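Here the structure is laid out as structure tokens; the discussion comes afterwards.
The values are calculated or read from the model by the stated rules, or taken from the named source; none is laboratory data. All values derive from a computational prediction rather than experimental measurement. No Cβ is skipped: glycine too gets one built from the backbone with ideal geometry, and neighbour counts run over all protein chains shown. The protein model used for the area step is the full one, side chains on, heavy atoms only, and it has no ligands, DNA or RNA in it. Shrake-Rupley method; radii C 1.70, N 1.55, O 1.52, S 1.80 Å.
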Amino acid sequence: MLFKLSIKNMKKSFKDYAIYFITLVLGVAIFYMFNSLDSQESMLQVSKSTKQIIKLMIEMLSMVSVFVAVILGLLIVYANNFLINRRKKEFGIYMTLGMSKRQISKIIFLETIFVGIISLVVGLVCGVFISQFMSILVGKLFQADMSRFEFVFSKTACIKTCVFFAIMYLAVMIFNTFTISRYKLINLLTAIKKNETVKMKNSFVCIIVFAIAVGILSYCYYKVSAGYNTLRTINDILPIILMGIISTVLVFWSMSGFILKLVQANKNVYLKGTNLFVLRQMHNKINTTVISISVICLMLFVTITILSTALSLRNTMEKSLREMTPVDINLYKVANLPEKITRYGKEIVYTDMQRENSKSSVGSSLKAVGYDMSKLKDVEEISTYAINDITLKTTLGSALEEALNQYPMMRYDTVEMIIRVSDYNRIAKLYNIEEYSLNDNEYIILCNFDNISEIRNQALKANVKININGKDYVPKYPECKDGFIEISTSHTNGGIILVPDDCELKDEQRQTWFLAGNYNAKTEEQIEAIEKDFASDESELTERLLAEGVIIDGMTKINLTESSVGLATIVVFIAIYLGIIFLIASSAILALKQLTESSDNRQRYIILRKIGCDEKMINSSLFKQIGIFFMLPLIVAIIHSIFGIQFGINVMEVLASKEELLPSAIVTVAVISVIYGIYFMATYLESKNIIKED
């Protein structure tokens with residue numbers, strides 16, 4: 001009997017289960033998708049290092065999945081609590097007819113199992129199909145060969161999803177049993193008549209509190225945008241975060257009274273249609289959900305910020321990588337090694353052989369150990385110089401004080417890199433970037449690190465002179481010029497000084513030998529072989545160099561690309577995972593709050609019908625209420641996000657770009673619109689069903 005009753009209850013209450021069912025299906029699908037990425041790993045043709053990065057990403061996603069499971073578990077319990085409260089009168093009737101609380105618990109137990117199994121199956125089916133597109137995305141992001149791609153079902157992800165959600169459903173069943181055991185018959189039968197008391201706030205107090213909250217938020221916005229340089233440590237940032245949270249709560253606390261007073265001033269709007277009823281309902285609703293709506297707003301803020309920033313990071317790193325890796329390889333070796341140096345508190349002693357070899361160029365050293373230089377092409381070799389009394393501090397001149405204020409942790413005693421202009425031009429020609437010319441008393445500073453270049457520009461405008469071995473040089477341009485010699489994943493050149501060819505630079509002032517070139521290879525196998533020579537610690541070339549006491553460091557385009565793509569992809573996937581979960585949680589909580597209100601206020605809609613409101617007016621008032629309730633936290637979250645994203649971009653200025661923010665924001669808005677829109681429409685349709693006249 002209980003089994004049949006459970007089935008009938010499910011069919012009868014199917015619309016009541018819509019939000020609950022949507023949340024479960026989305027949760028299962030997303031959980032499976034992000035835990036099934038390892039199923040296609042064997043099909044992706046990538047390098048060994050890229051496979052290691054993919055494995056690291058999968059391990060990190062597995063750890064994040066535990067946190068996600070906790071969020072989904074709490075969300076499912078919260079959603080289930082709504083269903084229990086919605087059916088209090090039904091349970092009261094059961095008890096009146098002689099059914100025990102234990103039997104009622106069994107009915108709910110069976111219903112939970114049925115809904116859980118159905119949602120798990122539907123979610124897994126959706127997850128399996130969508131995960132195929134996710135695997136393709138992973139392959140594209142890691143630039144993998146997808147020729148062996150095939151449709152794959154991940155048993156591991158399926159089992160993991162079933163286990164996690166079985167634990168969640170078990171928690172729900174325990175919660176339901178505990179909840180039912182506490183109910184009293186009189187409370188169940190009269191539950192539908194109970195409404196929260198409408199508490200009217202003093203409008204003047206609301207306006208004052210709203211103004212204070214806006215003032216605090218404005219200060220926080222200023223600190224994370226124009227004044228972000230003052231936020232150097234977590235102790236500086238934490239007060240701003242706390243102030244933002246408190247002021248957000250105050251905004252929502254005061255908003256209902258503030259908006260009500262504002263609209264009441266315009267009688268034509270206030271008295272039109274059911275606006276009076278809608279505003280009073282919203283006033284009461286916001287009053288009773290200040291904390292929850294504030295939490296929802298902050299969750300939406302986190303979602304928008306991490307998604308936009310992560311996608312911007314990915315786009316910027318791809319663009320920077322294309323610009324900053326114009327050749328296949330950079331090799332360099334320190335010139336004029338001393339007997340010993342102290343680095344990071346540890347003393348390093350060099351052998352006589354190593355010191356002698358440091359006097360030879362990179363190319364000469366490679367030839368000396370028998371390396372076949374025909375494997376490389378377009379090779380250019382130059383020297384960089386450093387003079388002890390020409391440091392960042394001396395070249396900044398009068399701009400040093402401002403630099404110390406903005407970047408107090410920077411090492412201003414670092415010696416500057418100096419290169420003859422003709423040497424640089426050979427590298428620039430190879431890189432296909434701008435070449436420069438100089439008169440015999442001029443110098444140019446190359447810098448593509450935006451914030452550092454702004455500081456250097458002040459010194460250049462002040463015409464700061466530098467003295468090299470007894471001769472003064474003045475800046476040719478009042479600002480830094482774009483340029484670099486070392487390939488990189490981003491614009492990290494903090495400064496290179498170009499000097500005329502006749503500048504007297506001594507051999508003992510040579511800092512490094514530098515080589516740039518491309519691989520002389522046509523096939524992937526040949527490229528991999530050359531890459532292994534320089535990128536592997538176990539290659540034959542590495543062993544020969546160590547045996548001869550030759551110390552050569554370097555970086556390759558392939559290695560930089562793989563590490564950059566790997567870092568960006570890991571950040572993006574974790575951001576998408578958490579962002580979508582936060583979005584689902586926010587939307588579900590909003591939907592359930594509104595459905596609870598619709599259920600509690602059903603009698604008020606009956607009164608509206610009795611005083612002459614037709615169904616069109618009632619549905620319109622309901623749509624406005626739900627729309628306002630959904631839009632308020634989203635609007636405030638978007639405003640927060642505008643400044644939060646700016647702060648994120650400023651903090652990651654080397655990696656992320658404001659120019660890439662717009663397309664990232666568009667993608668984020670599209671994702672939010674889809675999920676948020678699904679919950680909004682489901683909430684509206686279900687609320688219509690709740691308030692409709694029997």
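One residue alone among M353, M324 is at pLDDT 85 or above and either among the β-branched types (V, I, T) or open to solvent by 80 Å² or more (accessible area, probe 1.4 Å) (or both), and that residue is M353.
Within the option set S119, S154, S135, S131, being polar (S, T, N, Q), out of contact with any Ser or Thr (no Cβ under 7 Å at 6 or more places or on another chain), buried (at least 17 other Cβ atoms within 10 Å of the Cβ) and modelled with pLDDT of 75 or more holds for one residue only, S119. When the range 508-557 is filtered for residues that are of a type in the set (S, T, N, Q), within 19 Å of S374 (Cβ to Cβ) and without any contact (Cβ under 8 Å) to a residue 40 or more places away in the chain, the ones remaining, listed by number, are T523, Q526, S539. Where strands (runs of 3 or more DSSP E) fall entirely within the range 437-509, those with at least 2 residues that are at pLDDT 90 or above, exposed (fewer than 14 other Cβ atoms within 10 Å of the Cβ) and of a type outside the set (K, R) are at 471-475. Which of the residues that make up the range 537-565 are under 19 Å from T492 (Cα atoms) and either part of a helix (DSSP H, G or I) or open to solvent by 40 Å² or more (accessible area, probe 1.4 Å) (or both)? Once the filter is applied, which keeps residues that are under 19 Å from T492 (Cα atoms) and either part of a helix (DSSP H, G or I) or open to solvent by 40 Å² or more (accessible area, probe 1.4 Å) (or both), the range 537-565 yields D553, G554, M555, K557, I558, N559, L560, T561, E562, S563, S564, V565. Filtering the range 406-428 to residues that are open to solvent by 20 Å² or more (accessible area, probe 1.4 Å) and in contact (Cβ under 8 Å) with a residue 24 or more places away in the chain leaves Q406, Y407, P408, M409, V415, M417, R420, S422, D423, R426.
Mind counting the residues in the range 327-350 that are at pLDDT 80 or above, within 36 Å of the chain's Cα centre (by Cα) and among the charged types (D, E, K, R)? The total comes to 1. Here I551 passes the criteria (1) within 30 Å of I527 (Cβ to Cβ); (2) under 33 Å from the mean Cα position of the chain (by Cα) except the one numbered (2). Tally up the residues in the range 363-390 that are acidic (D, E) and either buried (at least 17 other Cβ atoms within 10 Å of the Cβ) or over 20 Å from Q526 (Cβ atoms) (or both), please. Going through the range 363-390 one residue at a time, the tally reaches 3. Please work out which residue is surrounded by the fewest Cβ atoms within 10 Å (Cβ to Cβ), limiting yourself to the range 603-649 and to residues that are of a type in the set (V, I, T) and more than 43 Å from the chain's Cα centre (by Cα). So the residue we want is I611. The residue that is modelled with the lowest pLDDT, counting only those in the range 516-536 that are of a type in the set (S, T, N, Q) and open to solvent by less than 50 Å² (accessible area, probe 1.4 Å), is S536.
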